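Engineer: The structure's right below; bear with me while I get my questions together.
Read-outs: derived from the displayed coordinates by stated rules, not from any lab. Values in this document were obtained by computation on a predicted structure and should not be read as measured data. When we count neighbours, we look across all protein chains shown, and the Cβ atoms used for this are built from the backbone with ideal geometry, even at glycine.
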Number of protein chains: 2
Amino acid sequence: MSKQHYKVATYKAQMSVGYLVKRAHSLMLDIMEPVIEQRGFSFVQYVVMSALRDGIAMNPKTICAQFRHDSGALTRVIDQLAERGLLERTRRDRDRRKVELQLTPAGRETIESIIPLVVAKLNEVLSDFSKEEVQELLRLLIKLNTTLQAHVDPSRVAVEA
Amino acid sequence: MSKQHYKVATYKAQMSVGYLVKRAHSLMLDIMEPVIEQRGFSFVQYVVMSALRDGIAMNPKTICAQFRHDSGALTRVIDQLAERGLLERTRRDRDRRKVELQLTPAGRETIESIIPLVVAKLNEVLSDFSKEEVQELLRLLIKLNTTLQAHVDPSRVAVEA
DNA sequence: GCATAATAGCTGCCAAAGCAGTAATTGCCG
DNA sequence: CGGCAATTACTGCTTTGGCAGCTATTATGC
């Protein structure tokens, strides 16, 4: 069934999507972390606040799935943010297993002040790319994520939020 | 100078290249690690052997740069592989600071036996993609890596191997 | 030629993610 | 309704990568 995108005889790691994606991720981190830390936050802390800002993930479970972060590790990140008064935990009445996360005004203000820095840096590093190239890159990456997700978790083919 | 690929008002993390690349990397790991571990190796161990097989990186320094792995951590991975008799360290005569890494016959046999599994899995997860899509994805990722690299390390604009 | 800087690899320590196991709650199915 | 499975969040332990410092060797500048 699988097409012959790669062949054993000619395969080199540097032409592998896996390698390229790993490297891009690592480089992106090196670029973004200083931006975030200059505001006094770690990258994961930023990611959590960003998820809440976008209103897509409101509980730890969803954030874990979205950003593929360990559940235990996430608990501790949430602890840190809660201690600094940037978000609040509330048990849901409907399902008391679930925790609902909500940015405090301070938290919202914080993340809103960081976003422009991130956007600016993103635009800066993408300045060599045309609009069309970025669009195509996003499309292909989204498609890649979708198919990879299906391979990791074949049961749920549909995406989760 | 920077184009307006992203705007503050409309920015959502899920449309960020950073997010997409991070997620793809994580998913790819989840898919590939079982493949490698089924042969009794960790993913990093595979990466090191793969680098030596491709003949692109022959010393720790280059592997670190290529795969963006920590120098100290890499030393320990090399230790593991050396103990299992899969590679050998030899100090270079030219520059005795450098260590030359070389796969043993056993090591070469091992990595050659793993490559087909990796290639098969790659082709499997990319089966929804057309040849053209994969080509374009690779091109864009390589371009991305190059520009990101320039931002991380502005001194050396030229790529290294 | 000598002192200083730079490079390559290694070691120890620390922080953070990964993993497994736990408790509380809810869903499911007889 | 009752018992078992599943879900959600959390807590300790382990593993691993990141970081700083160290040694040995080479390059550089005076």
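Engineer: Determine the shape class of segment B:68-161: with a ≥ b ≥ c the square roots of the Cα gyration tensor eigenvalues, call it rounded for a/c under 1.5, and otherwise prolate if a/b is greater than b/c, oblate otherwise.
Structural biologist: Oblate.
Engineer: Can you pull the semi-axes for chain A, root of five times each eigenvalue of the Cα gyration tensor, sorted largest first, whole Å?
Structural biologist: 32, 22, 14
Engineer: Distance in whole Å from the B-onto-A rotation axis to the closest C-beta of chain B, together with the residue it belongs to, please.
Structural biologist: Spelled out as residue then distance in Å, it is B:His25, 2.
Engineer: Output, in nm with one decimal and in ascending order, the distances from the A:Asp153 label point to the matching label points of the other copies (7 Å from Cα along Cα-to-Cβ).
Structural biologist: Once sorted, the set of distances for A:Asp153 reads 3.7 nm.
Engineer: One decimal, nm, shortest first: give the distances between the label point of B:Asp54 and those of the same position in the other copies, each label point 7 Å from Cα along Cα→Cβ.
Structural biologist: Between copies, matching label points for B:Asp54 lie 2.9 nm apart.
Engineer: Oh, and also: Let me have the 222 nm mean residue ellipticity of chain B computed from DSSP H runs of 4+ only, each contributing -39500 (n - 2.57), with the sum over all residues rounded to the nearest 500.
Structural biologist: Using -39500 (n - 2.57) per qualifying helix, the result is -20000 deg cm²/dmol.
Engineer: Now for a different question. Give me the one-decimal nm value for the distance between modelled label points at A:Gln135 and A:Gln80, 7 Å along each residue's Cα-to-Cβ direction.
Structural biologist: Taking the simple label geometry, A:Gln135 and A:Gln80 are separated by 3.9 nm.
Engineer: Summing Lys, Arg as +1 and Asp, Glu as -1, what charge do residues with Cβ under 13 Å from the Cβ of A:Asp54 carry, A:Asp54 excluded?
Structural biologist: +2
Engineer: How do A:Asp95, B:Asp54, A:Asp128 line up, fewest other C-beta atoms within 10 Å first?
Structural biologist: A:Asp95, A:Asp128, B:Asp54
Engineer: Along the charge dipole of segment B:39-161, pointing to its positive end and built from +1/-1 on Cβ of Lys, Arg, Asp and Glu, which listed residue (B:Ser113, B:Val44, B:Val134) has its Cα farthest out?
Structural biologist: B:Val44
Engineer: I would also like to ask the following. In peptide B:134-140, how many Cβ atoms from other protein chains are near each Cβ within 10 Å, on average?
Structural biologist: Going residue by residue through B:134-140 and averaging, the value is 6.
Engineer: Rounded, prolate or oblate, given the Cα gyration tensor of the protein assembly as shown, with a/c below 1.5 counting as rounded?
Structural biologist: Taking the square roots of the gyration eigenvalues as a ≥ b ≥ c, the protein assembly as shown is prolate.
Engineer: Please give me the summed charge of the neighbours of B:Lys131: other residues whose Cβ is under 13 Å from its Cβ, Lys and Arg +1, Asp and Glu -1. Don't skip to the answer; put the middle values down first.
Structural biologist: Working: positive: A:Lys3, A:Lys7, B:Arg139; negative: B:Asp128, B:Glu132, B:Glu133, B:Glu136.
Counting the neighbours of B:Lys131, the net charge comes to -1.
Engineer: Sticking with this one: Given the C-alpha centroids of segment B:72-134 and segment A:104-120, what is the distance between them in whole angstrom?
Structural biologist: 42
Engineer: Each label point is 7 Å from the Cα along the Cα-to-Cβ direction; what then is the distance between the points at A:Lys7 and B:Arg94, in nm?
Structural biologist: Roughly 3.3 nm, to one decimal.
Engineer: Modelling each spin label as a point 7 Å along the Cα-to-Cβ direction, I'd like the B:Met58/A:Glu124 distance in nm, to one decimal.
Structural biologist: Distance between the two pseudo-spin positions: 3.9 nm.
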